[in-house]
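Notes to accompany the following structure.
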Amino acid sequence: MAPPTPLLAVRGSDGTSLLRGPPACEENASFERDTRQGKYQDFSKDGTLFAWCNGEKVSVVKTSDGSPVRSFDLPKTSMLEFSPLNSVLATWQPYSKTQDNPQGDANLQLWDLQNGACLKAFYQKKVQGWCPSWTDDEKIAVRSVNNELHFFENNDFGTIANKLHLQKVSEFELSPGAQPSKVAVYVPGSKGAPSFVRLYQYPNFGGPTSALANKSFFKSDRVAMLWNKKATAVLVTASTEVDKTGASYYGEQTLHYLAVNGETAAVQLSKNGPIYDVAWSPSSSEFCVVYGFMPAKATVFNHKCDPVFDFGTGPRNAVFYSPQGHILVLAGFGNLQGQMEVWDVKKYKQVCKPQAANSTHFSWSPDGEHVVTATCSPRLRVSNGYKIWHYTGTVLYKQDTPPGAELWEVLWQPFPEGVFPERPVKYQAAPSELGTTETKPAQAYRPPALRNKPVTASSKLHEEEPPQDMRPGATGDKPLSKTALKNQKKREAKKAAKQETKPELPEAQSEPKSESCPASSTQPTSGDPELDKKIKNLKKKLKAIDELKEQQSSGKPMQKNQLDKMEKEAQLLKELEDLELGD
């Protein structure tokens, strides 16, 4: 049986519609376009239901045939969300109060989709974190209320089954997957005390000693917490509003790792600057981080927070794994030019490098074969529209929003895991009448004084770093290390400088060499003091490793830091070889 075709929900100033695609996006005959301006839209977690609000009512229909399920007279609704098993529809409208009603009305409502009854209404003034979080089996739901987390069981919102109270708890994240459920909570620091994140297993909330893991850190005004799919670990991106060093207007960011087995770590990033994006692989064993001042780096880490593969530097600020986890896209949107890099994750080989200029949105189709990019208002109010791509860089469908109209959102219909199996990665572009938009290498600006001269390391605005496979025993053309790459560029610069510089005097008139020069030192030198210093330091480290190996062979137990040093012997030998060859 052929896999189903995902739907694409499109919401804009001209209404809400469902399209059947890809590759050819056509109006879904079973859904009549709503010409009223939609405020919000959402699919259920399994994709069988679709809901939207249009300023008059909230409507819920089946995606299979467009038949109505429920309709709610809620004209002010601006947010809505389904519970994981489609039992409850949560709706939210902005909180308001009047002189006649100083208390205001409860603005968060939970509706039973079976009979249309209102299960519970809450006061929820802030839009951030407005919706309760459910476990996948709906046995537990949780809300944050006045420094407490209120837990409800089996959608009984009239009774609080459990509470987790922590002073100034501001954010939480419920784990996905099956029971037992875990929750990550964040408490910001105050009066010199550090901030911290703790992991608890429901309902064991006895205190710090009952926590599965605890990680404290400074420099944190807010955090973003991200569980992996198997609920074994969570990544915490901690941010400050202001960078006190003045290096970045993004503030400062640090990345932390917590596992349910109690392990914690600070993820070490090899380049200074902001952390733009973090994403777990669907396999839950790896995660990718995009970070550093432009051109940004992107690195894949394993569950031990060791780097696995470095994609080098480039103009990117976002990362997207395919639903099956076999393809990864690095992209530069927003104030960047929309360059995308598509990578085969298993081989760490680049598939293509298309460009989607002015894009404000990117998302994978559930089939793992197609993506959508869109330019939406209010981020950009001109050139609105969207494109459906094959991941090999081919544009299969393009829709420009008519003049005077705006595109607000495009949304893929989700599907349960396993509906779309993983397919082998293709490298040849898929056929299309619209062709591809492969990125052409951009020529860097060079001032007039340098345009007729060779390109040297000193004339480059940024230091470019190539991709590097960091897996043990990786084969193939392994890129140079950072140090070796830097020295290679120095040698090229010296060579170019020598070619440019010609002696002005004949050789006969050149000054004779002085015979009173001091004798050369016993150690051979390259003539570059900086290079000699690096060679000396590397030899010193290798000598220390030899001593450790002798101690190990004699039966002396080794510490973890000593074993880590010994594992770096091959890397140090390679760097030393590169440096000595460049003398």
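Please count how many residues of the range 127-171 are small (Gly, Ala, Ser) and either assigned to a loop (DSSP other than H, G, I, E, B) or in contact (Cβ under 8 Å) with a residue 60 or more places away in the chain (or both).
4
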Tell me the residue from ALA90, ALA9, ALA51 that is touching a Pro at 6+ places or on another chain (Cβ under 9 Å) and in a strand (DSSP E or B), please.
ALA90
Hits in the range 196-221 - residues which are closer than 13 Å to ALA266 by Cβ and without any contact (Cβ under 8 Å) to a residue 12 or more places away in the chain:
none
Just to be sure, is LYS534 surrounded by 12 or more Cβ atoms within 10 Å (Cβ to Cβ) and at pLDDT 75 or above?
yes
Number of positions in the range 22-48 that are touching a His at 6+ places or on another chain (Cβ under 9 Å) and either surrounded by fewer than 20 Cβ atoms within 10 Å (Cβ to Cβ) or part of a strand (DSSP E or B) (or both)
1
Only one of VAL289, VAL345, VAL351 is crowded, with 18+ Cβ neighbours inside 10 Å and touching a His at 6+ places or on another chain (Cβ under 7 Å); which?
VAL345
Applying the selection to the range 340-363, what residues are in contact (Cβ under 8 Å) with a residue 40 or more places away in the chain, among the hydrophobic types (A, V, I, L, M, F, W, C) and under 23 Å from ASN302 (Cα atoms)?
VAL342, VAL345, VAL351
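For every residue, the table says whether it meets (1) in contact with a Leu (Cβ under 6 Å, 6 or more places away or on another chain); (2) at pLDDT 90 or above.
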position: ALA224; (1), (2): no, yes
position: LYS229; (1), (2): no, yes
position: VAL242; (1), (2): no, no
position: ALA265; (1), (2): no, yes
position: GLN268; (1), (2): no, yes
position: LYS271; (1), (2): no, no
position: ALA298; (1), (2): yes, yes
position: PRO307; (1), (2): no, yes
position: PRO315; (1), (2): yes, yes
For MET294: the one exception among (1) surrounded by fewer than 19 Cβ atoms within 10 Å (Cβ to Cβ); (2) free of Cβ contacts under 8 Å to residues at least 40 places away in the same chain; (3) of a type in the set (A, V, I, L, M, F, W, C)
(2)
Tell me which of these SER195 doesn't satisfy, since it passes every other one: (1) surrounded by 18 or more Cβ atoms within 10 Å (Cβ to Cβ); (2) under 29 Å from SER87 (Cβ atoms).
(2)
With respect to ALA9, determine if the residue is farther than 29 Å from PRO402 by Cβ, of a type in the set (A, V, I, L, M) and either surrounded by 16 or more Cβ atoms within 10 Å (Cβ to Cβ) or at pLDDT 95 or above (or both).
no
Residues located in the range 269-287, provided they are more than 14 Å from LYS229 (Cβ to Cβ) and in a strand (DSSP E or B)
ILE275, TYR276, ASP277, VAL278
Would it be correct to say that ASN261 is at pLDDT below 90, surrounded by fewer than 21 Cβ atoms within 10 Å (Cβ to Cβ) and of a type in the set (S, T, N, Q)?
no
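Okay, residues lined up against (1) over 33 Å from the mean Cα position of the chain (by Cα); (2) among the acidic types (Asp, Glu); (3) part of a strand (DSSP E or B); (4) surrounded by 13 or more Cβ atoms within 10 Å (Cβ to Cβ):
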{"position": "SER64", "(1), (2), (3), (4)": "no, no, no, no"}
{"position": "THR77", "(1), (2), (3), (4)": "no, no, no, yes"}
{"position": "LEU80", "(1), (2), (3), (4)": "no, no, yes, yes"}
{"position": "SER96", "(1), (2), (3), (4)": "yes, no, no, no"}
{"position": "GLN99", "(1), (2), (3), (4)": "yes, no, no, no"}
{"position": "GLN109", "(1), (2), (3), (4)": "no, no, yes, yes"}
{"position": "ASN115", "(1), (2), (3), (4)": "yes, no, no, no"}
{"position": "LEU119", "(1), (2), (3), (4)": "yes, no, yes, yes"}
Just one of ARG316, ARG381 is part of a loop (DSSP other than H, G, I, E, B), of a type in the set (D, E, K, R) and surrounded by 21 or more Cβ atoms within 10 Å (Cβ to Cβ); which is it?
ARG316
Which condition number in (1) more than 25 Å from VAL371 (Cβ to Cβ); (2) of a type outside the set (D, E, K, R); (3) buried (at least 20 other Cβ atoms within 10 Å of the Cβ) is the one that LEU85 fails?
(3)
Can you tell me which residue within the range 121-159, out of those that are among the β-branched types (Val, Ile, Thr) and over 24 Å from LYS229 (Cβ atoms), is surrounded by the fewest Cβ atoms within 10 Å (Cβ to Cβ)?
THR159
LEU411: passes all of (1) within 30 Å of ASP137 (Cβ to Cβ); (2) buried (at least 21 other Cβ atoms within 10 Å of the Cβ); (3) among the hydrophobic types (A, V, I, L, M, F, W, C) but (2)
Name the residue that is nearest to LYS215 (Cα to Cα), counting only residues in the range 172-202 that are among the hydrophobic types (A, V, I, L, M, F, W, C) and touching a Leu at 6+ places or on another chain (Cβ under 7 Å).
VAL197
Let me spell it out: the conditions are (1) under 30 Å from the mean Cα position of the chain (by Cα); (2) assigned to a loop (DSSP other than H, G, I, E, B), and TYR200 meets all of them except one. Which number is the exception?
(2)
Qualifying residue in the range 554-569 (condition: at positive phi, out of contact with any strand residue (DSSP E or B) (no Cβ under 9 Å at 6 or more places or on another chain), at pLDDT below 75 and in a loop (DSSP other than H, G, I, E, B))
yes
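The values are calculated or read from the model by the stated rules, or taken from the named source; none is laboratory data. The model shown is predicted, which means the values in this text are computed figures rather than measured ones. We place every Cβ from the backbone using ideal geometry, glycine too, and count neighbours over all the protein chains shown.
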